[in-house]
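What follows is a set of notes on a single structure, which appears directly below.
Bear in mind that the values in this text are calculations on the coordinates, not laboratory data. Since this is a predicted model, take the numbers as computed values, not measurements. Glycine also receives a Cβ, built like all others from the backbone with ideal geometry; neighbour counts cover every protein chain displayed.
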Amino acid sequence: MSPWRAAARRFRRNRPAVAGTVVVAAMAAAALLAPLVTVDPLAQPDPVGLQDRPPSAAHPLGTDPYSRDVLSRTLHGAQVSLLVGVGAALLAVTLGTGVGLAAGLGGRRTDEVLMRGVDVALALPRIVLLLAVFAIWDRAPPAAVVVLIAATGWFQTSRIVRASVLGLKQADFVAAARALGSGRGGIVRRHLLPHVAAPVIVSASLDVGNIILLEAGLSYLGLGVRPPTPTWGNMIMDGKDVLLSAPWVALAPGCALVLTVVAFNLAGDGLRDALDPKAA
Amino acid sequence: MLRFAVRRLAFAVASVVAVVVITFLLVHAAPGEPMLGTPERTVASPETIARQRALFGLDRPLPEQFLRYAGNLARGELGMSFVLHRPVAAVLRDALPNTLLLGGTALVASLLLGLAAGALQAARHRTRTDALLGAATLVLYSIPVFWLGLLLLLVFGEGLHWLPVSGMTTPGLGDDLSRLGRALDVARHLVLPAASLALVQAAAFARFQRSALLETLGAEYVRAARARGLGERAVLLRHALRGALGSTITLAGLSVPYFLAGSVLVESIFGWPGLGRVAYDAIFARDYNVITAVALVSGVLVAAGNLLADVALAVADPRIRLGQ
């Protein structure tokens, strides 16, 4: 049995990991179907008469201080969180893998320059930079949020990839492939990437939850994806002042946020245990 | 060891310089005027704007502005706040101790809680205790710190009225109290914001400590100790936890960025008058000198944390400082 098939079997037997995957899939389905099954998240059918209403048949999770439907906004908020979380993690992994390969394969000088740069970059206070950029960039589209979070989050991955490439370069099977006439591209594709894939997949999947929390923190401060576009962060901000009189406004997005991040972390832990049996 | 420390110190300085340069360029290259809001929102006349720009030297070319800023910085001058009309150094002097108190308390609490929980889980591996603590740390690790802060505020502040929810002191009480009374008053205000920061980070520490200990417990020298007939408790205390001091300092050093990020959110929820509040206000007011100075201070704190982590790791593990 191939190592990947064996890992898939270990993952399927890990009940919390499967549960996390199911929740992630359900949340993704809800985000995609939200426009079809709920009312317009920006609609204010009666701007002054419907503020902070408790859950009812018409509004299953109540309404917010602007008379908007909380259920619809919570489901639409999933779009931003998942897009930013998954998108930025994938982009960061791609960047980090690219730089890690370049440093590992590119000779001493390249390696030195890239890794000293990464050392400095790892010491930058990410949150201060992101706060400054988004405060200045008033109307950043979600794609810009994805790019900027990824651009400040690939450094660790590049270190992981570089370290495994440096080890693998010396391995006998790589030397054998080279002796048999494989080019550099073929060696990277067939021999290096499959080996660095496991640790990279694990670190990316565990990163998704952190990125979702980071985006929520930014939009809680009113930065990044801006109101009126619903995000879980800005919905919690809307509900903050009516926490006692209308708790559903903040509880719905807050619970969705925690549930989603727990699910991603369960799936990520499961992937780690499945791909690296020693660590389990 | 000395050469290693000097090398790491050079990286630390380089990263602080990088932070200052990047932040300076970001805030000065951006649209919008200090004090006057963004171009769309400003109410000031073009003449007023021009006068302000000239007053603060913002009409000069960017390289010239940067050289002037760097020159002032080299003399320890951080400039004036455009908005607060106070020297930036004075603003920082007021705010930084409050953030260090909040962050330091949270750091110590989260280390104690997290390392104890992780060690207990490793000692009781694959038991119900391990599973329960594992579930609790997973949920806490997945909670946004501002959401936990709001929940604590709702339950213990607004609901039970056990603890104050805003500021650092009770207004109007300061002069009537003894020094001890004032300290207790600050401590009561500290509980909820520090707990919000500490609980989330404790979960991260516990997850790390558990897997690190489990890995050590499987190591050769621990198996050798067991083979010599040592009991499990002695193995855990004498061998597995021995490397714990170095890794604890490393963890504490690397967690600085988390506490900085968390303080921006938590200070805004609990009205704590610290660096996070200063940063938040300055960013929205485009108070350039304050933004750059906050970035500088954060950069120094993060770099100091990383340096501490590197040195602690090198002391604990000779392979690292020898560059192997």
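List of remarks:
- Mean Cβ neighbour count within 10 Å, used as a protection proxy, ranking A:218-231, B:206-219 highest first: A:218-231, B:206-219
- Principal-axis analysis of the Cα atoms of chain B puts helix B:179-217 at an angle of about 50° to the longest axis.
- Counts of other chain beta carbons within 10 angstrom of each beta carbon in peptide B:145-151 average 6.
- Of the trypsin sites (Lys or Arg not before Pro) in the stretch B:58-162, the ones in a loop by DSSP (not H, G, I, E or B) with at most 15 other beta carbons within 10 Å are B:Arg75, B:Arg124, B:Arg126.
- Separation of the A:Arg9 and B:Glu77 label points, Cα + 7 Å toward Cβ, nm: 7.3 nm
- Between B:His28 and B:Glu215, the contour length at 0.36 nm per residue exceeds the Cα-Cα span by 62.4 nm.
- Relative contact order for chain B, counting Cα pairs under 8 Å that sit 6 or more residues apart, in percent: 29 percent
- Each principal axis of chain A carries a Cα extent, and these read 78, 45, 29 Å when sorted largest first.
- Rounded if a/c under 1.5, otherwise prolate or oblate - the protein assembly as shown, Cα gyration tensor axes: rounded
- Between B:Ala204, B:Ala90, B:Ala50, the GNM of chain B built on Cα springs shorter than 10 angstrom shows B:Ala50 fluctuating the most.
- For the stretch A:178-205 and the stretch B:269-310, distance of Cα centres in Å: 41 Å
- Under 19 Å from a label point set 7 Å out along the Cα-to-Cβ vector of A:Leu244, the amide N atoms of the stretch B:179-219 belong to B:189, B:192-193.
- Sequence-ordered 3J(HN,Hα) estimates for the stretch B:295-306 from the Karplus curve with 6.51, -1.76 and 1.60 and θ = phi - 60° stand at 4, 4, 4, 4, x, 5, 5, 5, 5, 5, x, 4 Hz, glycine and proline given as x.
- Here r is the Cβ-Cβ distance between A:Arg226 and B:Arg179 and R0 is 41 Å; the resulting FRET efficiency, rounded to 0.05, is 0.35.
- Peptide A:182-189 is shielded by partner chain Cβ atoms: per residue, an average of 0 of them sit within 10 Å of its Cβ.
- Cβ-derived FRET efficiency at R0 22 Å, B:Asp281 paired with B:Arg53, nearest 0.05: 0.55
- Each other residue within a Cβ distance under 15 Å of B:Arg124 adds +1 if Lys or Arg and -1 if Asp or Glu, for a net charge of +2.
- Amide H to amide H, with H built 1.01 Å from N, B:Met80 comes under 5 Å of B:Val88, counting only residues 5 or more places away or on other chains.
- Take each residue of peptide B:256-267, count the partner chain Cβ atoms within 10 Å of its Cβ, and average: the result is 3.
- Residues A:His195 and B:Phe66, FRET efficiency given R0 of 51 Å [Cβ-Cβ distance, rounded to 0.05]: 0.70
- Compared with the alpha-carbon gap, the fully stretched path from B:Arg126 to B:Val315 is longer by 64.8 nm at 0.36 nm per residue.
- Degrees separating the helix B:275-285 axis from the principal Cα axis of chain B, which is the longest one: 40 degrees
- Prolate/oblate/rounded label for chain B (Cα gyration tensor, a/c 1.5): oblate
- Rounded to the nearest 10 degrees, the inclination of helix A:70-105 to the longest alpha-carbon principal axis of chain A is 20 degrees.
- In the protein assembly as shown, a dipole from Cβ-located charges (positive for Lys and Arg, negative for Asp and Glu) runs towards its positive end, and of A:Leu50, A:Ala256, A:Trp137 it is A:Ala256 whose Cα lies farthest in that direction.
- Paramagnetic reach from B:Thr169 (point 7 Å along Cα→Cβ, amide N under 16 Å) across the stretch B:179-197: B:179-190
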